[in-house]
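Each reported figure results from applying straightforward, stated rules to the coordinates on display, with no laboratory input. Computed from a predicted model, the values in this text were never measured in an experiment. Every residue, glycine among them, receives a Cβ derived from its backbone with ideal geometry; neighbour counts consider all protein chains shown.
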Amino acid sequence: MQIQAAVIRETDGPFLIEDVELDDPGPGEVRVEIHAVGVCHTDIAIQHQWMPVPLPLVLGHEGSGIVESVGEGVTKVKAGDRVALTYGFCGACPTCSADRPAYCYEFAPRNVSGGRPDGTNALHGVNGFFFSQSSFATYAIATELNTVKLADDDDLLIAGPLGCGIQTGAGTVLNKLQPREGQSIAVFGVGAVGLSAIMAAKVAGASPIVAVDLNPGRLELALELGATHTVNPDEVDDVVVAIQGITGAGADFAVETTAVEQVATQAINALAPLGTCAILGLGPAGTNVTVDMTALLIPGRTVVGVVEGDSVPDEFIPRLAQLYKDGRFPYDRLIKVYDFQDINQAVADAEAGTTLKAVLRVK
Ligand SMILES: [Zn+2]
Ligand SMILES: [Zn+2]
């Protein structure tokens, strides 16, 4: 079928909306009419080729919409179902079998190879299958595995970001760190991912919840969404000391979303004994975390990478959607909606930080 897709043709180049041919869904695949799609930091990272994915390429990995048709063997969804799309995984490797699909052994071929794991592509003339979807387009082909069924009362316009950016922050707290009531957490960088972590920390009953950011407007919003304290590095002599002043011995948990080397070091050094720092930020290749080995050893600290909030999407995305409907996870506060044609403005605003979570209205 003929579709429209936003194509990146060169490194740092603009998104060009072009007519492209899309195949029928193959075995185990689902073709989705995209209604909306979020813009995530990873789309921008690939536009800059911080992580090389072959160009020309259709990005987009927070799609939501209605199933148009399904391929052979698909049983989870059928035409007409309302769905959100998430990251790709194989469902069969050791980590997938252990219900940890975010660490799928085939993560790279299924998300950032520019095509299916076997090297084929459903799009003609451009690379795709980005996060098993390439949803900056009017239609996308996903797999049954990374298609998540939504409830009738879920809003398709805002459901897509649950599939990546929002679950990355919220899942890190609710699935991976799992703070007990009254344990402290510091979140470094309060963009869409960090603010999702803060809303989730409030759901978990963590306290205090410290937001760390240079942007006063974002710190203000963090307080409205659940942070109990804020630290602006421009306004304190030492961020670690400031966090110790709020938490006592340091934070039981830290969430690092900035991918800035010095910030990651601060996040680790701000931990209480036995504290855990989750590293979420994706920076250019060669971004290193430097930490004094003794500062890890003596307090028994843990540093752990967390991908996609360690979520099992079929369980966690409906859980977040329900928390939203219950008024406990107001992630719509982060969203600004743009028309699909204005994708370059949406990306520019996301990159400038003036928009926390851009969502493109495709239909
Ligand atoms: Zn797997
Ligand atoms: Zn993403």
## Note on the structure
Diffusion coefficient in µm²/s returned for the range 1-83 by Stokes-Einstein, Kirkwood Rh over C-alpha pairs, 4 °C and 1.567 mPa s, is 92
### Query
What nm value, rounded to one decimal, do you get for the distance between A79 and V236 when each label is placed 7 Å out toward the C-beta?
5.8
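Net charge near V70, counting Lys/Arg +1 and Asp/Glu -1 over other residues with Cβ under 13 Å of its Cβ?
Details: positive: R31, K76, K78, K149; negative: D24, E29, E33, E68, E72, D81, E144.
Combined, the nearby Lys, Arg, Asp and Glu give -3.
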## Note on the structure
hull vol. (C-alpha, convex hull) per residue for the chain, Å³ -> 124
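Going through the range 138-196, which trypsin sites (Lys or Arg not before Pro) have at most 14 other Cβ atoms within 10 Å and a DSSP loop state? If you can, show how the numbers build up before the last one.
Values: sites: K149, K176, R180; in loops: R180.
Those that pass, being in a loop and sparsely packed, are R180.
To the nearest 20 debye, what charge dipole does the range 244-363 have about its Cα centre, counting +1 at the Cβ of each Lys and Arg and -1 at the Cβ of each Asp and Glu? Present the calculation step by step, with values, prior to reporting the outcome.
Values: 9 positive and 14 negative charges, 65 e Å.
It comes to approximately 320 debye.
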### Query
Over the range 169-307, what number does the Rg to Rh ratio reach, with both radii from the alpha-carbon atoms and Rh per Kirkwood?
0.92
## Note on the structure
With the charge dipole of the chain built from beta-carbon charges (+1 for Lys and Arg, -1 for Asp and Glu) about the Cα centre, the Cα from V307, G13, L334 projecting farthest to the positive end belongs to V307
### Query
Which longest uninterrupted range of the chain lacks any GluC sites (Glu not before Pro) assigned by DSSP to a loop state (not H, G, I, E or B) and surrounded by at most 13 other Cβ atoms within 10 Å?
236-363
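First select every other residue whose beta carbon is under 14 angstrom from the beta carbon of G125; then total the charges, Lys and Arg +1, Asp and Glu -1. Mind dumping the intermediate values first?
Values: positive: R9; negative: E18, D19, E21, D23.
Once all neighbours under 14 Å are counted, the net charge is -3.
Can you bin the range 163-218 into rounded, prolate or oblate? Criterion: square roots of the alpha carbon gyration tensor eigenvalues sorted a ≥ b ≥ c, rounded for a/c under 1.5, prolate for a/b above b/c, oblate for the rest.
Values: a/c = 2.41, a/b = 1.17, b/c = 2.05.
Oblate, because a/c is 1.5 or more while a/b does not exceed b/c.
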## Note on the structure
D153 and R180 label points (each 7 Å along its Cα→Cβ direction) are spaced in nm at 3.5
### Query
If you place +1 on the Cβ of every Lys and Arg and -1 on the Cβ of every Asp and Glu, how big does the dipole about the Cα centre of the range 169-307 come out, in debye to the nearest 20?
500
### Query
Taking the chain as a Gaussian network, Cα atoms linked when under 10 Å apart, which of L297, L123, L59 shows the biggest mean-square fluctuation?
L297
### Message
Let me spell out the model: positive unit charges on the Cβ of Lys and Arg, negative unit charges on the Cβ of Asp and Glu, origin at the Cα centre of the chain. What dipole size does that give, in debye rounded to 20?
### Response
660
